[in-house]
1. Here is a list of conditions, (1) among the small types (Gly, Ala, Ser); (2) under 30 Å from residue A:366 (Cα atoms); (3) assigned to a strand (DSSP E or B), and residue A:109 meets all of them except one; can you say which number that is?
2. Could you list, in sequence order, all residues of segment A:176-195 that are within 23 Å of residue B:8 (Cα to Cα) and within 11 Å of chain B (Cβ to nearest Cβ)?
3. Being surrounded by fewer than 18 Cβ atoms within 10 Å (Cβ to Cβ), charged (D, E, K, R) and either touching a Phe, Trp or Tyr at 6+ places or on another chain (Cβ under 7 Å) or at pLDDT below 90 (or both): is that true of residue B:35 here?
4. Which helices (runs of 4 or more DSSP H) does segment A:1-75 wholly contain that include 3 or more residues that are buried (at least 24 other Cβ atoms within 10 Å of the Cβ)?
5. Name the residues in segment A:147-187 that are in a helix (DSSP H, G or I) and charged (D, E, K, R), would you?
6. What residue, of A:280, A:294, is in contact (Cβ under 8 Å) with a residue 24 or more places away in the chain and touching a helix residue (DSSP H, G or I) at 6+ places or on another chain (Cβ under 6 Å)?
7. Farther than 30 Å from residue A:211 by Cβ, part of a loop (DSSP other than H, G, I, E, B) and among the β-branched types (Val, Ile, Thr) - does that describe any residue in segment A:312-321?
8. When you go through (1) surrounded by 13 or more Cβ atoms within 10 Å (Cβ to Cβ); (2) away from every other protein chain (no Cβ under 14 Å); (3) assigned to a strand (DSSP E or B) one by one for residue A:404, which number turns out not to apply?
Amino acid sequence: MKKVQLAIVGGGPAGLAAAIAAREAGLQDILIIERGEALGGILGQCIHAGFGLHTFGQELTGPEYAQRFIDRVEDMKIPYLLGTMVLDINENKVLTVTGRETGLIQIQAEAIVLAMGCRERPRGALNIPGTRPAGIYSAGTAQRLVNLEGYLPGRDVVILGSGDIGLIMARRMTLEGAKVHAVAEVMPYSGGLKRNIVQCLDDFNIPLLLSTTVVDIQGQGHIESVTLAKVDGRRKPIPGTEQVIPCDTLLLSVGLLPENELSLSAGVALDGVTGGPVVGDDLSTSLPGVFACGNVLHVHDLVDFVSEEAGRAGRSAAEYVLHRRSAGRTVALRGKNGVRYTVPQHIDADAMADTVTVRFRVGQPYRGAALCAWAGDKLLRRIPKRILTPGEMESFPIRKADIPADCDTITFTVEEAAQ
Amino acid sequence: MTRQLTCIGCPMGCQLTATIENGVVTTVTGNTCKRGDDYARKECVAPMRTITGTVRMADGRVISVRTRTDVPKAKMFDVADAFNKARPAAPLHIGDVVIADVCGTGVDVVATANRE
């Protein structure tokens, strides 16, 4: 059986940054396994600007950002396989792999970095009534058709969901000559970045209809129209508010799901909220020697944070192979009162770095609130926040020196502003 | 004249009101920090955008492009039209000029991907 010290599953931004960091940490024998025909993952079709402000201090497009990491991987001569799919990972870290070059082979890895990314929530997960015509795409599929293959899926467009990919596609299709009639969002606020709402919708006078959803789809063969309706506080459509909008395209931008089938087959424990693996401060999963980073771990909104996180996973994987770190005292991290989850889910209070960045999302928008970290009833740190929204991932640094010796759980909460 | 706009400086999204007299922004209200003031003054007088898109190459392949820096917002559709008319030849690399001085803006359109 082919053997490798570190197998990295996925050659997107997470896999690339993990590979570079592992090599910098001294690991020689690394293999990136990528399902697609090119390295760079989803960045290849994200041709808009706005990537890299944190990492490079300038606004790059997706392909430009990806190429900087691809060039490093090439310079370091880190081996990779394209058009090659990992079918299975077992609990002994044996990967079953298939591809045109390799055929069906098995690879024994000493360590694995899971960097498979995420996929879009499909129509089938939404329970929208109506017919099943052509012309309904996930926003990312439309992005691929327009940006990589050069096809415009339609000319009269309605978008359901105000996630960033949907907003970006509203602008993109408008500039290509399509008419985007509306973006409908079931929540009373948008999950997208403010900047995208202004520059992708307001710039083109595209209405953002909040507390609105698609309640029917009409058309045989091809989509002909959709019915929108307002929803109440419990997201139930309000009778009498329906409006029919003729269209030839419906885009769905309704959420991203970490792609963890391989993690499950390996027996890695998953977090019910993030949909990704449960990890420690070194991004180790429940299976020793298996690490996770990027959108397979939890869905990010900035690739800069993916690269940083993946660097940590790559260094941890290298450390695992070269000189295992000795385990110390485990402290659990919990989210409560508005903090939906934390990544990592636990830290090693002895072996951890001096500062570990804990990331999470809040459940609803807050103004004038504060984020707090508690060890029991002792406040470890309080960070005031003018604004918190579910669409923006929060970063909360925890210092090793601040963790009390008798602490077994740190709880993160939102402290709401006094009324 | 007054104009309403949403600040993009951070997720707060402050609702700004700018008062414009003779093409000059005299006051900005609704902002909670200096970024809102700066944004309203620039956005009301000379709004600029970086335009990205794709260009069909002479050999039929598609390549992603951008304006090297931002261009006047009013030229967005003209620049998008220019993208659709260009037919550059391979090879192209990141930063190579695909359209020089697009629509008289003085800004070049450059490739954002590599095509050998």
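1. The single condition residue A:109 does not satisfy is (2).
2. A:189, A:190, A:192, A:193, A:194, A:195
3. The answer is yes for residue B:35.
4. A:13-24, A:62-75
5. Residues of segment A:147-187 in a helix (DSSP H, G or I): A:147, A:164-175.
Scanning segment A:147-187 gives A:164, A:171, A:172.
6. Going through A:280, A:294 in turn, the sole match is A:294.
7. no
8. (3)
The values are calculated or read from the model by the stated rules, or taken from the named source; none is laboratory data. Owing to the predicted nature of the structure, the values given are computational and were not obtained by experimental measurement. In this analysis, Cβ positions are derived from the backbone assuming ideal geometry, glycine residues included, and neighbour counts consider all displayed protein chains.
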